[in-house]
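Chemist: Encoded as structure tokens, here's the structure I'll be asking about.
The values are calculated or read from the model by the stated rules, or taken from the named source; none is laboratory data. From a predicted model like this one, the values you see are computed outputs, not experimental measurements. Cβ atoms come from the backbone with ideal geometry, glycine included; neighbour counts cover every protein chain shown. For the accessible areas, the whole protein counts, side chains as well, though only heavy atoms, and no ligand, DNA or RNA atoms are used. Shrake-Rupley method; radii C 1.70, N 1.55, O 1.52, S 1.80 Å.
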Amino acid sequence: MRIYLVRHGQTNYNLKRLVQGRIDEPLNKTGIKQAKQTGQLIKQLNFKFDKIVSSPLSRAFETAYLIAKKNNYKDNIILDNLLVERDFGEYELTEIKESFPIVMQEGFNENGFEDTETLKKRIKSAISNLYLNHSDQTLILTVHAHVIRTIYVLMDENKYTYTNFYLGNCSIHVFDFDGDNFNLIETHNNEEI
């Protein structure tokens, strides 16, 4: 199964460098423009896909909708609750530069915060469930930073962590999944500005 992981477009909380987590913040004007441009890029690159799957949060669903529109996708967008962003608990709407040095420490666990092992199990389960029904298909998944980062960590936890690489809004990360392992094929639209 090939998956195009697309991070949602920008929100005002992204702009303010705040932890969003499960807070349901919509795309801002820049985010809407980014999502439309990403839909256009997918069309220009001639990416063929069978289904679009989205996190239930509005910023991801809006991104999926705008990509679908640009690519004349007529099927339903599948909502998958397992693809929701990490729950940051009490740290949601705090500044990333202050919170991440605390919550991204190995083994960090606090009531209300989704620890790394739980997150990894959830995302692996989400992709495995999709594989059961779509193993021979190509899917676009519009999701969140920590969902995509988890895929990288699951692929190679010696190389990737939740904080050691850039992941831009509306970046595209192309992976193959064989039912057990992830293989990174290419990335698009992920240049740090």
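Chemist: Could you tell me which trypsin sites (Lys or Arg not before Pro) in segment 46-130 are loop residues by DSSP with no more than 10 other beta carbons within 10 angstrom of their beta carbon? Write down the numbers at each step before the final one.
Modeler: Values: sites: Lys48, Lys51, Arg59, Lys69, Lys70, Lys74, Arg86, Lys97, Lys120, Lys121, Arg122, Lys124; in loops: Lys48, Lys74, Arg86.
When the trypsin sites (Lys or Arg not before Pro) of segment 46-130 are filtered for loop state and at most 10 Cβ neighbours within 10 Å, Lys48, Lys74 remain.
Chemist: So, one more: Which of the listed residues, Asn183, Tyr166, Thr11, is farthest toward the dipole's positive end in the chain, when Lys, Arg count +1 and Asp, Glu count -1 at the beta-carbon?
Modeler: About the Cα centre, the residue reaching furthest to the positive side is Thr11.
Chemist: Can you tell me the convex hull volume per residue for the chain, based on C-alpha atoms, in Å³ to the nearest whole number? Mind showing how you got there, number by number?
Modeler: Working: hull volume 21.3 nm³, N = 193.
Expressed per residue, the convex hull around the Cα atoms of the chain is 110 Å³.
Chemist: Only loop residues by DSSP count here, and only those with at most 11 other Cβ atoms within 10 Å; note down the GluC sites (Glu not before Pro) in segment 93-193 that meet that.
Modeler: Working: sites: Glu95, Glu98, Glu106, Glu110, Glu114, Glu117, Glu157, Glu186, Glu191, Glu192; in loops: Glu106, Glu110, Glu114, Glu157, Glu191, Glu192.
For GluC sites (Glu not before Pro) across segment 93-193 that sit outside H, G, I, E and B with at most 11 neighbouring Cβ atoms in 10 Å, the list reads Glu106, Glu157, Glu191, Glu192.
Chemist: What lysines could a cross-link reach from Lys43, if we take a straight Cα to Cα line under 21 Å and drop same-chain neighbours fewer than 8 places away?
Modeler: Once the sequence-local lysines are set aside, what remains near Lys43 is Lys33, Lys51, Lys69, Lys70, Lys74.
Chemist: Shifting gears a bit: With a probe of 1.4 Å, find how much accessible area the chain has per residue, and write the answer as a whole number in Å². Please list the in-between numbers first.
Modeler: Values: 9730 Å² over 193 residues.
It amounts to 50 Å² per residue over the chain.
Chemist: Can you give the net charge of the other residues whose Cβ lies under 13 Å from the Cβ of Asp50, counting K and R as +1 and D and E as -1? Present the calculation step by step, with values, prior to reporting the outcome.
Modeler: Numbers: positive: Arg2, Lys48, Lys51, Lys74; negative: Asp75, Asp136.
Result for the neighbourhood of Asp50: +2.
Chemist: Need the C-alpha centroid separation for segment 168-193 versus segment 97-122, integer Å.
Modeler: Cα centroid to Cα centroid, the span is 23 Å.
Chemist: Rounded to a whole number, what % of the accessible area of segment 1-81 do carbon and sulfur atoms account for, probe 1.4 Å?
Modeler: Summing carbon and sulfur atoms, their accessible area is 47 percent of the total for segment 1-81.
Chemist: Cut-off under 16 Å on the C-alpha distance; same-chain residues fewer than 8 positions from Lys16 excluded. Which aspartates and glutamates are left, in chain and number order?
Modeler: Reachable aspartates and glutamates: Asp24, Glu25, Glu92, Glu95, Glu98.
Chemist: Next question, about the same structure. Below 12 angstrom from the Cβ of Arg2, what's the summed charge of the other residues (Lys, Arg +1; Asp, Glu -1)? Walk me through the numbers on the way to the answer.
Modeler: Values: positive: Lys48, Lys51; negative: Asp50, Asp136, Asp176, Asp178, Glu186.
With Lys, Arg at +1 and Asp, Glu at -1, the neighbours total -3.
Chemist: Okay, next question. I'd like the chymotrypsin sites (Phe, Trp or Tyr not before Pro) in segment 68-120 restricted to DSSP loop residues with at most 16 other Cβ atoms within 10 Å, sorted by number. Let's see the in-between values first.
Modeler: Numbers: sites: Tyr73, Phe88, Tyr91, Phe108, Phe113; in loops: Tyr73, Phe108.
Sparse-neighbourhood loop chymotrypsin sites (Phe, Trp or Tyr not before Pro): Phe108.
Chemist: Under a no-solvent Debye model with one identical scatterer per Cα of segment 90-193, what's log10 I(q)/I(0) at q = 0.14, 0.19, 0.22, 0.23 Å⁻¹?
Modeler: -0.61, -1.09, -1.36, -1.44
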